[in-house]
Amino acid sequence: MNPMRTFLTDENISIHKEYIKTLRLRHSIIEKSDPEIKGKSIFEIEKMRLKKNDRELILSNLSEYLAHELYFKSFTILPTKSKIIKKYWSSDDAFLYDLFIEGMKMRDGFVFVCIEDRGAPKIQLCPSGIMPKHSPKLAIDVSEHAYFLDYKFEKEKYLKNALSHLDLSLLTSNNAK
């Protein structure tokens, strides 16, 4: 079973999956028109000499695609724990509360949990089309389109339900870097 079904309807999940397909197809078309970007990471593309408009289009689309892919991999049916969270927060609940507060601040985009170079988890807010600089391990889509079909204007309820199924085990120290 898809863990997202614990807090989103099949219709909502299906809409997200179709959007991901569109983003993937768009990136494939972009790669055909700019073959030098094929197989390159966001960070490699950022360093390439491309026209500003081309770079922005490529990076925005690829970032949106990768963020949604990560969003779909960030959840589990049963609650999980993370040893690394305990090292930097007083508890998993305290960490999830901080994620909730940050998610409520965001109007459009993603709340990412990244692993910094020294191995610490970091909450990072990014507007749609932007990826964090550190290694993202978890993503929560906080844009209205992510929850409106199921929750209408109840973003708070969506976040509470989504966060209760966040797979904190993805933040293990051996995943750092």
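The values are calculated or read from the model by the stated rules, or taken from the named source; none is laboratory data. Predicted model only: the values in this text are computed from it and were never measured. Positions of Cβ are generated from backbone atoms using ideal geometry, with glycine treated the same way; all protein chains shown enter the neighbour counts. When the accessible area is computed, the model is the full protein with side chains, heavy atoms only, and any ligands, DNA or RNA have been set aside. Shrake-Rupley method; radii C 1.70, N 1.55, O 1.52, S 1.80 Å.
The residues of segment 69-83 that are at pLDDT below 95 and open to solvent by less than 20 Å² (accessible area, probe 1.4 Å) amount to a single one, SER82.
When you look at SER128, is it touching a Lys or Arg at 6+ places or on another chain (Cβ under 8 Å) and either assigned to a strand (DSSP E or B) or surrounded by fewer than 18 Cβ atoms within 10 Å (Cβ to Cβ) (or both), yes or no? Against the criterion (touching a Lys or Arg at 6+ places or on another chain (Cβ under 8 Å) and either assigned to a strand (DSSP E or B) or surrounded by fewer than 18 Cβ atoms within 10 Å (Cβ to Cβ) (or both)), SER128 does not qualify. For LEU50, indicate whether it is assigned to a loop (DSSP other than H, G, I, E, B), in contact with a helix residue (DSSP H, G or I) (Cβ under 8 Å, 6 or more places away or on another chain), without any contact (Cβ under 8 Å) to a residue 60 or more places away in the chain and farther than 30 Å from SER164 by Cβ. The answer is yes for LEU50. Scanning segment 136-149 for residues that are outside any strand (DSSP E or B), touching a residue at least 60 places away in the same chain (Cβ under 8 Å) and touching a Phe, Trp or Tyr at 6+ places or on another chain (Cβ under 8 Å) yields ALA146, TYR147. In segment 84-109, the qualifying residues are those that are touching a strand residue (DSSP E or B) at 6+ places or on another chain (Cβ under 8 Å) and closer than 24 Å to HIS16 by Cα, and the one that is surrounded by the most Cβ atoms within 10 Å (Cβ to Cβ) is GLY103.
A single entry from GLU102, GLU64 fulfils the requirement of being within 23 Å of HIS145 (Cβ to Cβ), in contact with a Ser or Thr (Cβ under 9 Å, 6 or more places away or on another chain) and part of a helix (DSSP H, G or I): GLU64. Among the residues of segment 22-32, count how many are without any contact (Cβ under 8 Å) to a residue 40 or more places away in the chain and either touching an Asp or Glu at 6+ places or on another chain (Cβ under 9 Å) or open to solvent by 90 Å² or more (accessible area, probe 1.4 Å) (or both). Total satisfying the criteria: 5. Filtering segment 128-162 to residues that are touching a strand residue (DSSP E or B) at 6+ places or on another chain (Cβ under 9 Å), at pLDDT 95 or above and farther than 16 Å from PHE72 by Cβ leaves only LEU159. Any residue that is open to solvent by 60 Å² or more (accessible area, probe 1.4 Å), in contact (Cβ under 8 Å) with a residue 24 or more places away in the chain, of a type in the set (Gly, Ala, Ser) and not in a strand (DSSP E or B) - is there at least one of those in segment 150-173? Scanning segment 150-173, I find at least one residue that is open to solvent by 60 Å² or more (accessible area, probe 1.4 Å), in contact (Cβ under 8 Å) with a residue 24 or more places away in the chain, of a type in the set (Gly, Ala, Ser) and not in a strand (DSSP E or B), so the answer is yes. Screening PHE112 on (1) assigned to a helix (DSSP H, G or I); (2) surrounded by 15 or more Cβ atoms within 10 Å (Cβ to Cβ); (3) aromatic (Phe, Trp, Tyr) shows it passes everything except condition (1). Every condition in (1) exposed (fewer than 14 other Cβ atoms within 10 Å of the Cβ); (2) modelled with pLDDT of 95 or more; (3) among the polar types (S, T, N, Q) is met by ASN12 except one, and the failing one is (1). Close contacts from segment 92-107, counting a first residue that is closer than 13 Å to PRO127 by Cα and among the aromatic types (Phe, Trp, Tyr) and a second that is open to solvent by less than 30 Å² (accessible area, probe 1.4 Å) and assigned to a helix (DSSP H, G or I), with Cβ to Cβ under 9 Å and a gap of 6+ residues or different chains, come to none at all.
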